[in-house]
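What follows is a short report on a single structure.
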Amino acid sequence: DQVEHPRLVAVETTSHCNAYCVFCPNNALARDKGAMADDLFEKIVEDIGTSMPFKGTVELTQNCNYKCIMCAQSWVEAFKKPDPRLNMPLETFLKVADEFFPWAMFVDLAGFGEVTQLPYWPEIVDRLSYYPFVEWHLLTNASLEDAEVWDRMVRLNFTMGLSIDGAT
């Protein structure tokens, strides 16, 4: 039996994996970091077509403003300095939103970093208001200093996990 609708589809739109699995040759790969090519992204969205999942994860960034001792952000050279290539471009996010969010019930706005530090995070929160029936999830270190944006996120009924692992 085929599944008519996948329960979850996760698409990483960067060419740099944020995991450091011992069995993976990621560290030996000589590919450039950067965003997925638009034509490949559009093909993935087209191939998923009308069998859109109801739940999804959107990785917005691999940049973080903290360097918690238990996180690879603090010891992996690639993450020592913020790199704009590790942020999903706003235009790509808007494509994801337009194609996926109308079908979604739950979206985890993830990142191997702090998504609220994206320079266009307020615009992302604005766009999320177009989809009032989606349950939004976010893991954050709560470092964003913008009460108005936090208020809008609360009004959108975000479920937020607070990362305090590196609070020492």
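The values are calculated or read from the model by the stated rules, or taken from the named source; none is laboratory data. Everything numeric here is computed off the predicted structure, so don't read it as measured data. Here Cβ is always computed from backbone atoms with ideal geometry, including for glycine, and neighbour counts include all displayed protein chains. Just the protein is used for accessible areas: all its heavy atoms, side chains included, with ligands, DNA and RNA removed. Shrake-Rupley method; radii C 1.70, N 1.55, O 1.52, S 1.80 Å.
Listed conditions (1) without any contact (Cβ under 8 Å) to a residue 12 or more places away in the chain; (2) closer than 16 Å to residue 60 by Cα are all met by residue 147, apart from (2). Listed by position, the helices (runs of 4 or more DSSP H) inside the stretch 37-144 whose residues that are open to solvent by less than 90 Å² (accessible area, probe 1.4 Å) and of a type in the set (Gly, Ala, Ser) number at least 1 are 90-100. Restricting 83, 165, 151 to those that are more than 23 Å from residue 42 (Cα to Cα) and modelled with pLDDT of 95 or more reduces the list to 151.
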